[in-house]
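Trainee: Below is a structure I'd like to ask you about.
The values are calculated or read from the model by the stated rules, or taken from the named source; none is laboratory data. What you see is a predicted model, and the numbers here were worked out from it, not measured in a lab. Methodologically, a virtual Cβ is constructed for each residue, glycine included, from the backbone with ideal geometry; neighbour enumeration extends over all protein chains shown.
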Amino acid sequence: MTAGQGPDAVLDGLRRHARRLVAELAGPVRRVRLRSGETVLEVEWHVPAQAAPGTAAEPERVPAAVPPPPEPDRLAVRAPVVGTFYRAPEPGAPPFLAVGDLVRPGQVVGIVEAMKLMNEVTADQAGRVVEVLVDDGQPVEYDQPLIALEPAGQRG
């Protein structure tokens with residue numbers, strides 16, 4: 001369990017990961033098992049060996065409550081770990097960046113706190129900040145888009 005999160009929050013995170021994983025896989029899925037600490041989420045679909053004519057053998061998929069990906073002409077700085085996103089190095093300090101700022105590869109753009117460890121979030125490409133996708137102090141999932149960038153060289 002992540003510090004500050006109860007079992008329900010951890011289970012909700014595992015559910016989101018399961019939905020995303022199933023949606024990204026090419027073929028039908030029969031079983032998914034995810035674990036975070038002592039919390040385990042296991043989902044198994046019972047698919048009949050011979051589906052009736054006109055029926056699908058794939059399980060019905062529940063739409064995931066995942067934020068939409070950035071627009072195709074945008075880059076995204078993504079969360080390196082599951083945790084809590086902070087826009088500033090400490091409470092009361094100015095944020096690392098604001099909309100309109102230029103960022104360079106390797107520049108720190110935020111922090112994700114996970115299990116009392118502060119993990120720097122760095123840009124992997126140059127660009128101009130067009131949107132901060134997550135509010136300060138909000139929980140984030142692994143690989144969740146945090147900052148939307150317009151690629152360097154483009155004008156809006």
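Trainee: Report, by residue number, each residue of segment 77-106 that is of a type in the set (D, E, K, R) and surrounded by 11 or more Cβ atoms within 10 Å (Cβ to Cβ).
Mentor: Scanning segment 77-106 gives Arg78, Arg87, Asp101, Arg104.
Trainee: Name the residues in segment 90-107 that are within 19 Å of Glu150 (Cβ to Cβ) and either in a loop (DSSP other than H, G, I, E, B) or within 20 Å of the chain's Cα centre (by Cα) (or both), would you?
Mentor: Pro95, Phe96, Leu97, Ala98, Val99, Gly100, Asp101, Arg104, Pro105, Gly106, Gln107
Trainee: Exactly one condition in (1) part of a loop (DSSP other than H, G, I, E, B); (2) of a type in the set (Val, Ile, Thr); (3) at pLDDT 95 or above is not met by Val81; state its number.
Mentor: Result: Val81 passes all but (3).
Trainee: A follow-up question, please. Regarding Glu113, is this residue assigned to a strand (DSSP E or B) and farther than 13 Å from Leu149 by Cβ?
Mentor: The answer is yes for Glu113.
So that you can scan it fast, the table gives a plain yes or no per residue for (1) closer than 23 Å to Arg15 by Cα; (2) β-branched (Val, Ile, Thr); (3) free of Cβ contacts under 8 Å to residues at least 60 places away in the same chain:
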site	(1), (2), (3)
Gly92	no, no, yes
Leu102	no, no, yes
Pro105	no, no, yes
Val112	yes, yes, yes
Val121	no, yes, yes
Asp124	no, no, yes
Leu133	yes, no, no
Gly137	yes, no, yes
